[in-house]
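Enquirer: Structure in structure tokens, see below.
The values are calculated or read from the model by the stated rules, or taken from the named source; none is laboratory data. If you're wondering where the values come from, they're calculated on a predicted model, not measured in any experiment. For neighbour counting, all protein chains shown are included, and Cβ atoms are generated from backbone atoms with ideal geometry for every residue, glycine included.
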Amino acid sequence: MCENIRIAVASSDGKNVDLHFGDASHFLIFEVKGNQINFMELREKENKPLQEQSDRWMQSLEMIKDCKAILCSKMGQEPVSKLEEMTITPVQFTGTILEVIKFYLSN
């Protein structure tokens, strides 16, 4: 893989992909350059009251719009469709962050 890509990860502990997309209060952003996987930053959601159920994940879409993929344990069909429209690959898989990033990159 020659291009640099960013990957968003929904993790409660910074080690495992273990959060539902809509439940994540933050995302870890990793950058892949060649064979190197580097942590870049933590992006946190604003703590705003929910008006509608979709508010749980709509803010997340904006936060990760520069990423090529989102790794999370689960995700509803509506966010999956929106992510695919944005050309962001939704990956629903659990394991360590490194394992799941490698899984995504190998597919």
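Enquirer: Considering only residues that are at pLDDT below 95, in contact with a strand residue (DSSP E or B) (Cβ under 8 Å, 6 or more places away or on another chain) and either over 20 Å from D66 (Cβ atoms) or of a type in the set (S, T, Y) (or both), which ones fall in the range 1-28? Show your work before the answer.
Expert: Restricting attention to the range 1-28, the residues satisfying the condition of being at pLDDT below 95 are 1-4, 20-25.
Right, trim to in contact with a strand residue (DSSP E or B) (Cβ under 8 Å, 6 or more places away or on another chain) and you get 1, 4, 20-21, 24-25.
The answer is H20, S25.
Enquirer: Of (1) surrounded by 11 or more Cβ atoms within 10 Å (Cβ to Cβ); (2) modelled with pLDDT of 80 or more; (3) in contact with a helix residue (DSSP H, G or I) (Cβ under 9 Å, 6 or more places away or on another chain); (4) over 12 Å from I7 (Cα atoms), E46 satisfies all except one. Which?
Expert: (1)
Enquirer: Is it the case that the range 50-69 has a residue that's on the phi < 0 side of the Ramachandran plot, assigned to a strand (DSSP E or B) and modelled with pLDDT of 95 or more?
Expert: From the range 50-69, those on the phi < 0 side of the Ramachandran plot are 50-69; that's our starting set.
Then keep just the ones that are assigned to a strand (DSSP E or B); that gives 69.
From what's left, modelled with pLDDT of 95 or more: 69.
For the range 50-69, residues on the phi < 0 side of the Ramachandran plot, assigned to a strand (DSSP E or B) and modelled with pLDDT of 95 or more: present.
Enquirer: For the range 1-23, check the following and say yes or no: at least one residue is of a type in the set (K, R) and touching an Asp or Glu at 6+ places or on another chain (Cβ under 7 Å). Write out each step before concluding.
Expert: Just the residues of the range 1-23 that are of a type in the set (K, R), to begin with: 6, 15.
Pick out the ones that are also touching an Asp or Glu at 6+ places or on another chain (Cβ under 7 Å) and you get 6.
Yes, the range 1-23 has at least one match.
Enquirer: Pick from E41, E84: which is under 24 Å from E3 (Cα atoms), among the acidic types (D, E), modelled with pLDDT of 95 or more and in contact with a Pro (Cβ under 9 Å, 6 or more places away or on another chain)? Even if it seems obvious, please write down each step before you answer.
Expert: On the way: E41 fails: in contact with a Pro (Cβ under 9 Å, 6 or more places away or on another chain).
Residue meeting the stated conditions: E84.
Enquirer: Also: Pull up the range 83-107, narrow it to residues that are in contact with a Leu (Cβ under 6 Å, 6 or more places away or on another chain) and over 19 Å from M40 (Cα atoms), then point me to the one that is surrounded by the fewest Cβ atoms within 10 Å (Cβ to Cβ).
Expert: If we filter the range 83-107 for residues that are in contact with a Leu (Cβ under 6 Å, 6 or more places away or on another chain), which is where we start, we get 90-91, 100.
Filter once more, so that each one left must be over 19 Å from M40 (Cα atoms): 90-91.
On the way: P90: 16, V91: 19.
Step by step, filter the range 83-107, then rank; the result is P90.
Enquirer: May I pose another question? From the residues in the range 4-36 that are touching a residue at least 60 places away in the same chain (Cβ under 8 Å) and assigned to a loop (DSSP other than H, G, I, E, B), which one is surrounded by the most Cβ atoms within 10 Å (Cβ to Cβ)? Before you say what the answer is, go through the steps one by one.
Expert: Applying the first criterion (touching a residue at least 60 places away in the same chain (Cβ under 8 Å)) to the range 4-36 yields 5-11, 14-18, 21, 28, 30, 32.
Subset that is assigned to a loop (DSSP other than H, G, I, E, B): 10-11, 14-15, 18.
Details: A10: 27, S11: 21, G14: 11, K15: 11, D18: 18.
Looking at the filtered set, the residue picked out is A10.
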